[in-house]
1. Just the residues that are farther than 14 Å from residue 59 by Cβ and touching a His at 6+ places or on another chain (Cβ under 7 Å), please, taken from segment 79-111.
2. State all residues of segment 6-32 that are loosely packed, with under 12 Cβ neighbours inside 10 Å and modelled with pLDDT of 80 or more; if no residue qualifies, say none.
3. Give segment 149-164 a look and list any residue that's free of Cβ contacts under 8 Å to residues at least 24 places away in the same chain and of a type in the set (A, V, I, L, M, F, W, C), or say none.
4. What number of residues in segment 29-80 are within 25 Å of residue 231 (Cα to Cα), of a type in the set (S, T, N, Q) and free of Cβ contacts under 8 Å to residues at least 60 places away in the same chain?
5. In this structure, does residue 167 turn out to be under 30 Å from residue 36 (Cβ atoms), crowded, with 19+ Cβ neighbours inside 10 Å and either modelled with pLDDT of 95 or more or in contact with a Ser or Thr (Cβ under 7 Å, 6 or more places away or on another chain) (or both)?
6. Only residues that are surrounded by 20 or more Cβ atoms within 10 Å (Cβ to Cβ) and touching a residue at least 24 places away in the same chain (Cβ under 8 Å): list them for segment 174-183, please.
Amino acid sequence: MRRFLPLALATMVLAAPLTMRTQTTDEASKNAKQARVALDAMVQAMGGPAWLNMKSQLRQGHVAAFFHGKPSGGTTDYWEYHVWPDHDRIEYTKHRDVLQFYIGRTGEEVTYKGKAPLPQEQVDDFLRRRDHSIETAIKLWLKDPQTILIYEGQRLAERHLADQVTLISAQNEAVTILMDTQTHLPLRRTFEWRDPLYKDKNLDAEEYDDYHTVNGLPTPFTITRFKNDDMISQRFLDHVTYNQDLPADFWDVNAAERRIKK
C-alpha cells in the first residue's frame, strides 16, 4: 500500500465542499465499521479470547520448497515454536540438529559447528512476515485508533467467497486479509514491501487451508507462501500444540549450542 494513501485521502476530504466532505466522511466511517465487523467475526471464528490470549504455539510438520512454482527437492521435517510477540524457534531435520532463533530483531542459527548469525536478508524476510502477520495486525494494529480499516468487498480466495479487508497502520504499512464469508476463517494474507536494493515492489502472500480444531482453536494444517504470485514454500502440519510450558532455558542459544555439540 502506498505511503501517501492516508494523506491523499485526507487531502481529498478537506478539499471537498462541506456537504460532500460530510458525505465522504460518513461513507468512510460506514466502510470502516463494515471492515471491523468482518475482522471481529474472524477473531471469534479463530477462538475469540482463547486465540487473543494464546501464550505459545508449537507447529510440527514438514516443509517443501519451490522454485518458479515447481518443487526444488523433497520435504524437511520441522518444529516451529512461537511465543507472542517476538520469540520464534525453528528446528529442522529428523534429528532436530539445525536450530534457528528469531528473538526480538535478531536471528541466529545453531548447528554442530556452533552458533552463528543468520544472513541479514533471511532475518529481514522473517521479521517482515512476523511484522505483517494476522496476529500482529489484530493484536497491535487493530488496537491503535490511528489504524485505517478498509472493507474492499468480496473476492474469491482458495475457491471460496471471501470478505477482503485492508488495515493500514499508523506507520502506513498495510496488510490485506481475506476471510471466508461462511466460516469467517482467514484464507489469505498479503502485504507489499519495497526491495531496498532494486526499489521495486514485492508481494508476499500466505494462503491457509485444511483447517482442524485443536484445543478449541481452528488451525490451518496447510500453509502456502507466495512471492509475486510464485509459490515458494508449502508447509504441511502433522501436530499442533497450544500453551505448552517450555523449559527455562528454551530460548537460550548457548544452551542449544551445548546440546547440539554433544
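The values are calculated or read from the model by the stated rules, or taken from the named source; none is laboratory data. Bear in mind the structure is a predicted one, so any value in this text is a computation, not a measurement. Note: ideal-geometry Cβ built from the backbone for every residue, glycine included; neighbour counts use all protein chains shown.
1. Listed by number, the list holds a single entry, 103.
2. Applying the first criterion (loosely packed, with under 12 Cβ neighbours inside 10 Å) to segment 6-32 yields 7-8, 10-11, 14-15, 17-19, 26-27, 29-30.
Answer for segment 6-32, where residues must be loosely packed, with under 12 Cβ neighbours inside 10 Å and modelled with pLDDT of 80 or more: 26, 27, 29, 30.
3. 156, 161
4. The qualifying residues number 2.
5. yes
6. 174, 175, 176, 177, 179 - these are the residues of segment 174-183 that are surrounded by 20 or more Cβ atoms within 10 Å (Cβ to Cβ) and touching a residue at least 24 places away in the same chain (Cβ under 8 Å).
Conditions (1) in contact (Cβ under 8 Å) with a residue 24 or more places away in the chain; (2) among the hydrophobic types (A, V, I, L, M, F, W, C); (3) more than 13 Å from residue 251 (Cβ to Cβ); (4) in a helix (DSSP H, G or I), marked per residue:
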site	(1), (2), (3), (4)
85	yes, no, yes, no
89	yes, no, no, no
95	no, no, yes, no
101	yes, yes, no, no
109	no, no, yes, no
124	no, no, yes, yes
136	yes, no, yes, yes
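Quick grid of which residues meet (1) outside any helix (DSSP H, G or I); (2) touching a strand residue (DSSP E or B) at 6+ places or on another chain (Cβ under 6 Å); (3) without any contact (Cβ under 8 Å) to a residue 60 or more places away in the chain:
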{"residue": "205", "(1), (2), (3)": "yes, yes, yes"}
{"residue": "210", "(1), (2), (3)": "yes, yes, yes"}
{"residue": "224", "(1), (2), (3)": "yes, yes, yes"}
{"residue": "233", "(1), (2), (3)": "yes, yes, no"}
{"residue": "236", "(1), (2), (3)": "yes, yes, no"}
{"residue": "240", "(1), (2), (3)": "yes, yes, no"}
{"residue": "246", "(1), (2), (3)": "yes, no, no"}
{"residue": "257", "(1), (2), (3)": "no, yes, no"}
